[in-house]
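None of the figures in this text is laboratory data; all of them are computed from the coordinates on show. Given the structure is predicted, the values throughout are model-derived calculations rather than measurements. A quick note on method: Cβ atoms are made from the backbone with ideal geometry, for glycine too, and the neighbour counts reach across all protein chains shown.
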């Protein structure tokens, strides 16, 4: 495409009063030789927009550079269609709103911003949407419990073909084992009849739903929009073409045989919550030892939960289940004594009402650690416990039965670990990112180079971007729902499954038109690999957080564009720099760096390049501008898709250009990461650790490159962050490469 | 290892059956304890008494709540009650827990003469029953009959205590000036029993209440004016379940209405800064807040100021729940905080409308030696002076 560039300098919002617009225009016309350069006091108004439109229609302008407000605002006003290249130079939020008006440094800053935008506009090309072969929008739901049924129903009702795979002979899962269910309806204060059968019926009657029971997934190969799924049903192999997948395999109760200290296995009348459901289903609640009708009962909450020796986490629904079971006994005998021993009562959602009702029915709640459970000659159980609320140790009269409220273990927490194996065979360097924890739990059996299942989080729960985007996972087009993702009760599982169905639908629709899914929805670019120069180093396949890149028979990287989230982490990882997007590449950023004017040493105007993550750091810089915070004017900001897309060569490009320092602003990483692309900022940190050594060898202080974690809320810390770095650079003195 | 305390469901059930129906509703959040006026003073009782913990002991039937400083500390001010997120009837729970001890014959020593006098004389002040109406001499108050609209029921305190008799007399004068049709049955009445019920002597309360109900019903009483908010509480909230159903008003409510109707007015100027202490039983327990203020503002020259903690947030004088007969050491009396509140507002007169509050605040004012800057008055006295 032959580019004809138009530069439009907006003078509104104080820009005209703060800058020498004529000087700025010369950057475009004299330096950039841009054929069209105009200014207007109100480009985002109807007249301004008409002016640009007229140039596009009448002058043949097809590349538009607007110098004005941040690209994060007015993007809808300046949307001139997909066949036009658009670039925005941010001279409002990041220049005139945080720097003095009519100041030499402010002017230089604005001019460099325009130079960088012109360099970028000159380099980029229009992306072309990816179109796969034989793409479908069918949704596969793995697991036919409450979450799976809900997700399948929601998807089918929205008009999507749905395939449900359930390993047991019937649908319904965990809910089938219940006598009653915790309330899902107003007034939420008493148990309800289990309604899973009606949900199963509804699903079976729903058109567009294919149900495979007694079936397991043998393999899922391919990518969103074109997964090839092999199902094994009773030994028969079935093939399905699938668009997106919902993992809803749920959780199982914690193994009670590990709870001997609470009397399980030792005393006949100590049972689990699951057994209590069975007992209640049979009619009269009698105790296992002698069939005596139960008159008094003690529930032990957190039986093996919130306990570092067992399950360190809270399973969310056990308190509610015990409250529900307490009503079973009160129904049978209103005079029955009910104790509920707990670490804390946790009744999320509407369940506080059930809690209140059980309190009002006279149950005794004891908060504190159990010190001993013993049995008397009549097989009654005596519980000794701390009572935090009186500060004393108490002992109960003998109760007929004890129920252990055990927690839930996700189905993804079982199976052999891939990581453990890797650790045995080779030493893992500390400078490498933590390897994804994937267990061979025989649920999805993904034909992915990165492993057969979803990566798991702490405690083995299936992946979720739990801090910021709980429905997102590291396997594009595969969404976890229900208690396999996090401990949750029935009401939350229904919500969660509905959410996952929505994500699966979004994935199908966006993938079909070649668009990226979250968080770069609408992005049509995808990485190109100049394969002839590939050295098969595997950096890209290893570092892609989304498992987008497989390997072909010859060990070359095999990209799956519909798995790709367009973060550019592969581009940053590649030492040969063979990976690029049409509108985002290593040389594009290189050209932007080159466009920065670096004053001579004696001018005493150092320069700092900020590589800012577009998702948090760049908006934080805008926020600083909106709040008119002021900071050092030596900085030149280059937005990057993710700090993980930072290629080390940019550090070299920047420093060899004579720029004095580099500040990398990325998202928080670690266990509670906020990186939109999960690993990006962490990977940037690791790459930087490796570059420090090289810099020192070249007599360039490694202090010249600094990385900070910044969330959008931290915008108020930006001035101190930038000014502090500038001070350190002053101590170091000018970059010795200046003027080379 | 700590001593292991045995849970007693039998004890718990006994407390519940004594009237603590909402005991198990308590989720032990502790808001009650933090709102309790005992947190505002130091000392032994303050350290011993924790209403949340007391209820917890009750829930488990554990020993430890019988200690006098725990069981009889509550002044039943209702601050916890109106704020409880679980709507636990905390005062009923206190009453029931006291009942388990009192019914077994363990009334604290200082309260025995009170109960004895109630048994023998029908009043807690050891006054002979025949002297109950002595204060009425020369006032020409008709006996209640079919011709009188209201029964004026005068609190035992104002019948026997010489300081408090002034209140009764002022009220009589105000009612007469306003032309209210009322009569008395003072000589035949017994104590309303409100306070002894709060102290846990349910049996004695029933005896007193039943004799009053018999008297009132026999005389055809329909409407009652009370001089004390405590009697108001008993007649309105305790008597109906025993067959005593009356339209009951505190004198302040009635005078407030009469003021609006123009049937009473005040003409003598009183150029003073006046503030009002809301009695718990008039305010939080019966939701009467406005008439007192309207009446005081209707007195010419009065500059009315509110205390910092007023209306729903009023601080108890410590006279309720039987505490009027308790001995709290100086420095641990809520009344002292109240006097300080009024002095801080530079008020000349601290007005209230309850004979217990008057007793407690008078004591506190004298104890703090603030008598030269602050005068404590019952509202009827102030209004009477400016007629």
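Taking every alpha-carbon pair in the stretch A:15-158 and binning the separations at 5 Å intervals from zero gives 2, 8, 15, 17, 15, 9, 5, 5, 5, 6, 6, 5, 2, 0 percent. Normalised by residue count, the protein assembly as shown yields a Cα convex hull volume of 266 Å³ per residue. When DSSP assigns beta bridges and you keep just the ones with both residues in the protein assembly as shown, what percent turn out antiparallel, to the nearest 5? Beta bridges within the protein assembly as shown, antiparallel portion: roughly 30 percent. Kirkwood-type hydrodynamic radius, the stretch A:255-406: 15.3 Å, calculated from all non-identical alpha-carbon pairs. Using C-alpha pairs below 8 Å separated by at least 6 residues, the relative contact order for the stretch B:81-138 is 14 percent. Here r is the Cβ-Cβ distance between residue B:163 and residue A:333 and R0 is 51 Å; the resulting FRET efficiency, rounded to 0.05, is 0.35.
By the count of other C-beta atoms within 10 Å, a proxy for reagent exposure, A:471, A:75, A:160 are ordered fewest to most as A:75, A:471, A:160.
All distinct Cα pairs of the stretch A:528-577 go into the 1/r average, and the inverse of that average, the Kirkwood radius, is 10.8 Å.
Relative to the current alpha-carbon distance between residue A:286 and residue A:466, full extension at 0.36 nm per residue lengthens the span by 60.5 nm. Here chain B carries DSSP beta bridges of which approximately 0% are antiparallel, counting only pairs with both residues inside. For the stretch A:584-740, the extents of the C-alpha atoms along the principal axes are 42, 34, 27 Å, listed from largest to smallest.
Zone of residue A:716 (label point 7 Å along Cα→Cβ, backbone N under 20 Å): which residues in the stretch A:618-658? Counting backbone N atoms under 20 Å from the label point, the list is A:618-632. The share of alpha-carbon pairs in the stretch A:35-80 lying farther apart than 17 Å comes to 26%.
For the stretch B:9-102, the alpha carbon positions stretch 35, 27, 18 Å along the principal axes, listed from largest to smallest.
Given R0 = 45 Å, the distance between the Cβ atoms of residue B:260 and residue B:67 translates into a calculated FRET efficiency of 0.35.
Centre-to-centre, using Cα atoms only, the stretch A:215-255 and the stretch B:250-311 are separated by 78 Å.
Taking the alpha carbon gyration tensor of the stretch B:170-283, multiplying each eigenvalue by 5 and rooting it gives semi-axes of 29, 18, 11 Å, largest first. Averaged over the residues of peptide B:12-20, the number of Cβ atoms from other protein chains lying within 10 Å of each residue's Cβ is 1.
Against the main long axis of the alpha-carbon atoms of chain A, helix A:680-697 sits at an angle near 50°. Approximating the spin labels as points 7 Å out from Cα along Cα→Cβ, the residue A:234-to-residue A:377 distance works out to 5.8 nm. The convex hull around the C-alpha trace of the stretch B:109-256, projected and averaged over every direction, spans 8.3 square nanometres.
Annotation for the stretch A:22-74 versus the stretch B:1-79: alpha-carbon center distance of 76 Å. Over the C-alpha atoms of the stretch A:472-565, the Rg to Rh ratio, Rh being the Kirkwood estimate, stands at 1.08. Hydrodynamic estimate: the Kirkwood radius of chain B over Cα pairs, inserted into Stokes-Einstein at 25 °C and 0.890 mPa s, corresponds to D of 114 µm²/s. Just the number, please: Stokes-Einstein D of the stretch B:265-385 in µm²/s, Kirkwood Rh from C-alpha pairs, 10 °C, 1.306 mPa s. It diffuses with D of about 111 µm²/s by this estimate. Estimated from the Cβ-Cβ distance and a Förster radius of 35 angstrom, the FRET efficiency linking residue A:295 and residue A:201 is about 0.35.
Across the alpha-carbon atoms of the stretch A:497-624, the computed radius of gyration and Dmax are 18.3, 64 angstrom. Any chance you could give the angle, 0 to 90 degrees and rounded to 10, that helix B:334-344 forms with the longest Cα principal axis of chain B? Rounded to the nearest ten degrees, it is 50.
Listed from fewest to most Cβ neighbours within 10 Å, the set A:418, B:307 follows the order A:418, B:307. Fraction of C-alpha pairs exceeding 12 angstrom in the stretch B:317-365: 60 percent, rounded to a whole number.
The antiparallel fraction among DSSP beta bridges confined to the stretch A:1-126 stands at about 0%. Only helices enter the 222 nm calculation for chain A: every DSSP H run of n ≥ 4 contributes -39,500 (n - 2.57), and dividing by all residues gives -8000 deg cm²/dmol, rounded to 500. Annotation for residue A:102 and residue B:290: the two label points, set 7 Å from Cα along the Cα-Cβ direction, are 6.4 nm apart. Its residues counted as N, the stretch B:339-387 yields a C-alpha radius of gyration over 2.2 N^0.38 Å of 1.09. When a/c is below 1.5 the answer is rounded, else prolate if a/b is larger than b/c, else oblate, so apply that to the stretch B:247-309 with a ≥ b ≥ c taken from the square roots of the Cα gyration tensor eigenvalues. It comes out oblate by the Cα gyration axes. For chain B, the longest principal axis of the alpha carbon atoms and the long axis of helix B:251-260 meet at an angle near 40°. Cα centroid separation, the stretch A:464-531 to the stretch A:293-367: 35 Å.
For chain A, what does the relative contact order come out to in percent, with C-alpha contacts under 8 Å and a separation of six or more?
This gives 12 percent for chain A.
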